[in-house]
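Every number here is computed from the coordinates shown, using simple stated rules; none is lab data. Owing to the predicted nature of the structure, the values given are computational and were not obtained by experimental measurement. Neighbour counts are summed over all protein chains in view; Cβ atoms, including those assigned to glycine, are modelled from backbone coordinates with ideal geometry.
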Amino acid sequence: MKAALVRAPGQVEIVEMETPRPGPGEILVAMKAVVVCGSDVHPWYVASKAPAVLGHETAGVVAETGPGVVHVRSGDRVFVHHHVPCGACRSCEAGEPVMCPEWKPSRLHPGGLAEYVRVEAPSVARDALLLPPHVSFTGGAFVEPVACALKAVDRALVRAGDAALVVGLGSNGLLLGWLARLAGADLLVGSDPDPLRRRLALEHGFDAVVDPSAERLPEAVHAVSPRGADAVFVVPTSPAAVLPAVEAAAPAGRVVFFSPVAPGETWPIAPNVPYFKDLTLRFSYSSGPLETRRALDLIASGALPVERLVTHRLPLERTAEAFALAEGGGATLKVVVEI
Ligand SMILES: [Zn+2]
Ligand SMILES: [Zn+2]
């Protein structure tokens with residue numbers, strides 16, 4: 001079979017690999033749609049994994065089932081999760097499946113960007129979801145990023161009447177905004193230095209946008225919401241993006257940091273103001289089986305028109321181009337690799 005192997009950041013090659021075979025409890029999925037994630041093109045993140053077959057926002061058709069698989073059959077259309085928790089440990093019981101010791105070692109084999117992927121038994125049992133017939137493979141692949149955004153919106157404790165601020169208006173920023181709106185936010189402000197992304201955010205339902213390279217974000221947010229933003233979502237990780245976002249939070253506001261931060265990155269936060277404003281500063285890393293189910297329900301119900309975020313579709317053979325597009329930002333939102 002063919003797979004897209006990332007040898008180093010920016011170096012993607014289509015290679016021939018042996019088609020994996022499913023063992024007991026496992027399935028083999030013929031991949032149909034893989035959505036490129038920001039992390040697939042973060043140089044430091046890719047460098048930490050390469051050489052590897054990346055791609056973790058995935059949907060496909062079950063091609064073969066191993067012995068003992070009962071709840072999916074060949075021909076079923078499925079979303080499969082890249083990592084899965086045990087469901088029974090202290091972290092799992094606390095509702096923190098991403099911190100389960102079994103979560104990180106689990107994976108897709110060889111990775112999503114391949115013609116066939118072997119899905120481990122725990123993942124088949126706990127986080128392989130059947131796609132309703134009207135949900136496309138692209139919609140199915142969006143289960144993963146939507147699940148991650150849902151967890152972040154949960155962590156921001158958004159409630160009716162909140163003002164929400166999203167810093168960074170790529171596809172994740174738009175998803176966070178949509179979900180904050182569904183959770184009850186009645187004012188949705190976005191910030192991005194890129195004029196194309198600000199325009200897209202307005203077209204996708206944001207009430208106001210700020211150019212942080214032209215005006216100070218906290219003042220701009222206070223101009224439309226005098227108390228500041230009750231829920232703040234920060235997608236970029238540079239101090240230049242993070243510090244003004246914290247400053248824009250309302251008293252008792254919740255600030256959620258969404259993206260992986262490079263090792264060695266530091267944020268010089270002066271805690272005096274966050275302390276006396278009683279802010280909650282939280283990270284939100286990945287998502288688990290509860291969020292993936294809710295994400296699929298939202299996509300299936302039409303409440304989240306995820307396909308509107310797709311700006312490019314390319315075949316597996318052109319994965320290098322798909323990654324370059326995703327890295328380029330600007331008017332590119334989600335790039336789908338179709339297999
Ligand atoms: Zn991702
Ligand atoms: Zn566990």
Please name which of G161, S213, S225 has its Cα lying farthest along the dipole of the range 149-283 towards the positive end, using unit charges on Cβ (Lys, Arg +1; Asp, Glu -1) and the Cα centre as origin. G161
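If eta is 1.002 mPa s and T is 20 °C, what Stokes-Einstein diffusion coefficient results for the chain, Kirkwood Rh from Cα pairs, in µm²/s?
Working: Rh = 20.4 Å.
The diffusion coefficient I find is 105 µm²/s.
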What share of the DSSP beta bridges in the chain is antiparallel, in percent to the nearest 5? 55
How high is the relative contact order of the chain, given as a whole-number percent (alpha carbon pairs under 8 Å, six or more residues apart)? 19
Just to confirm a number: summing +1 for Lys and Arg and -1 for Asp and Glu over residues other than K334 whose beta-carbon lies under 11 angstrom from that of K334, what do you get? 0
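Among rounded, prolate and oblate, which fits the range 1-155 when a ≥ b ≥ c are the square roots of the eigenvalues of its C-alpha gyration tensor, a/c under 1.5 means rounded, and a/b larger than b/c means prolate? Before the final figure, lay out each step's value.
Working: a/c = 1.40, a/b = 1.06, b/c = 1.32.
Since a/c stays below 1.5, the shape of the range 1-155 is classed as rounded.
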Taking the Cα atoms only, what angle lies between the long axis of helix 143-155 and the longest principal axis of the chain, rounded to 10 degrees? 30
Determine the distance separating the Cα centre of the range 201-252 from the Cα centre of the range 151-185; give it in Å without decimals. 12
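Let me spell out the model: positive unit charges on the Cβ of Lys and Arg, negative unit charges on the Cβ of Asp and Glu, origin at the Cα centre of the chain. What dipole size does that give, in debye rounded to 20? If you can, show how the numbers build up before the last one.
Numbers: 30 positive and 36 negative charges, 67 e Å.
Dipole of the chain, to the nearest 20 debye: 320 debye.
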Environment charge at V69 (Cβ cut-off 11 Å; Lys +1, Arg +1, Asp -1, Glu -1): -2
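What stretch of the chain, leaving out the sites themselves, is the longest with no GluC sites (Glu not before Pro) in a DSSP loop having at most 13 other Cβ atoms within 10 Å?
Details: sites that count: E18, E215, E265.
Between the exposed loop sites, the longest stretch runs 19-214.
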Excluding same-chain residues fewer than 8 positions from K104, which lysines have a Cα within less than 30 Å of its Cα? K2, K32, K49, K151, K334
Work out the length of the dipole vector of the range 193-339 about its Cα centre, built from +1 on the beta-carbon of each Lys and Arg and -1 on the beta-carbon of each Asp and Glu, and round it to the nearest 20 debye. 240
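Which shape class applies to the range 149-283: rounded if a/c is under 1.5, otherwise prolate when a/b exceeds b/c and oblate if not, where a ≥ b ≥ c are the square roots of the Cα gyration tensor eigenvalues?
Working: a/c = 1.27, a/b = 1.14, b/c = 1.12.
Here the range 149-283 falls in the rounded category.
What is the sum of charges, Lys and Arg at +1 and Asp and Glu at -1, for the other residues whose Cβ falls under 11 Å from the Cβ of S284?
Working: positive: K151, R155, R254, R282; negative: D154, E291.
Taking every Cβ under 11 Å from that of S284, the sum is +2.
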